[in-house]
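*Asks:* Next up is a structure, given as structure tokens.
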Amino acid sequence: MPHITIESPSVLTKKINWKDFFQKLHIRLSNAGYGRLDDFKGRVINLDCWQVADKNEDALFLFATLETMNPRTPEIIRSMGAVITEELEIVANGIANGRWLQVCVRVGGTPVEDYFKIHINAPDLKPGNFKIGESIR
């Protein structure tokens, strides 16, 4: 269950169609064999306040975190991070407008035993397709 969280300064958040971005990214990651499409989740945290070094507001960043819950090798997690970086770079190039804009991606994994999940009114899910710590209600 890959979760992708992007921290974005408010001046950038509104310039990106995040729904389209995540749909494209999730499909690309799924098609590459990194997980089931239904398992990918993406979200954006809008930052009202940010500071880069001692720079003014023109110093910007998009900071993504990939957290996986099912076991994957470090190489696969890094490859997933590279895909996220590529897709964010495409978006960043379209909105930088001459400003300093950093694209950063951090990857990591949570052991499946340390992740708990409950489905409430889940569509098209069948008992038996769940992992450790996961249940349907």
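The values are calculated or read from the model by the stated rules, or taken from the named source; none is laboratory data. Just so it is clear, the model here is predicted, and its values are computed rather than measured. Every residue, glycine as well, gets a Cβ built from its backbone with ideal geometry; the counts of neighbours run over all protein chains shown. What goes into the accessible areas is simple: the full protein's heavy atoms, side chains included, and nothing from ligands, DNA or RNA. Shrake-Rupley method; radii C 1.70, N 1.55, O 1.52, S 1.80 Å.
*Asks:* Write down the Å³ per residue value for the convex hull defined by the alpha carbon atoms of the stretch 52-112.
*Replies:* 85 Å³
*Asks:* Another question, then. Taking all pairs of different Cα atoms in the chain, averaging 1/r and flipping that mean, what Kirkwood radius in angstroms comes out?
*Replies:* 16.3 Å
*Asks:* Just going by the charge dipole of the chain, with Lys and Arg at +1 and Asp and Glu at -1 on Cβ, which of I27, I90, H3 is farthest out on the positive end?
*Replies:* I27
*Asks:* Give the accessible surface of the stretch 1-87 per residue, rounded to a whole number of Å², with probe radius 1.4 Å and ligands, DNA and RNA excluded.
*Replies:* 52 Å²
*Asks:* In addition: What is the list of residues in the stretch 56-71 whose amide nitrogen lies under 16 Å from a point 7 angstrom out from the Cα of A96, following Cα to Cβ?
*Replies:* What the label zone holds, given the 16 Å backbone N cut-off, is 58-63.
*Asks:* Follow-up question, since we're still on this one. Which percent of the accessible area of the chain is formed by carbon and sulfur heavy atoms (probe 1.4 angstrom)?
*Replies:* 52 percent
*Asks:* Continuing with this model, one more query. Out of all Cα-Cα pairs in the stretch 14-63, roughly what percent, to the nearest whole number, are more than 19 Å apart?
*Replies:* Result: 44 percent of Cα pairs exceed 19 Å.
*Asks:* Order the peptides 101-107, 59-65 from the highest to the lowest mean number of other Cβ atoms within 10 Å of their residues.
*Replies:* Packing order, densest peptide first, comes out as 59-65, 101-107.
*Asks:* Here is a further query. Could you work out how far helix 18-31 tilts from the main Cα principal axis of the chain, as a 0 to 90 degree angle to the nearest 10?
*Replies:* It is inclined by approximately 50 degrees.
*Asks:* Here's a follow-up. If the elastic network links every pair of Cα atoms under 10 Å, which of G35, G94, G81 fluctuates the most in the Gaussian network model of the chain?
*Replies:* For the chain, modelled as a Gaussian network with Cα springs under 10 Å, the answer is G94.
*Asks:* If you don't mind, there's one more thing I want to ask. Taking the 0 to 90 degree range and rounding to the nearest ten, how far is the long axis of helix 74-95 tilted relative to the main principal axis of the chain, both from C-alpha atoms?
*Replies:* Value to nearest ten degrees: 40.
*Asks:* Any chance you could run the full-extension gain for A53 through A32? It's 0.36 nm times the residue separation minus the Cα-Cα distance, nm to one decimal.
*Replies:* Working: separation 21, 0.36 × 21 = 7.56 nm, distance 3.67 nm.
So the chain would gain 3.9 nm between A53 and A32.
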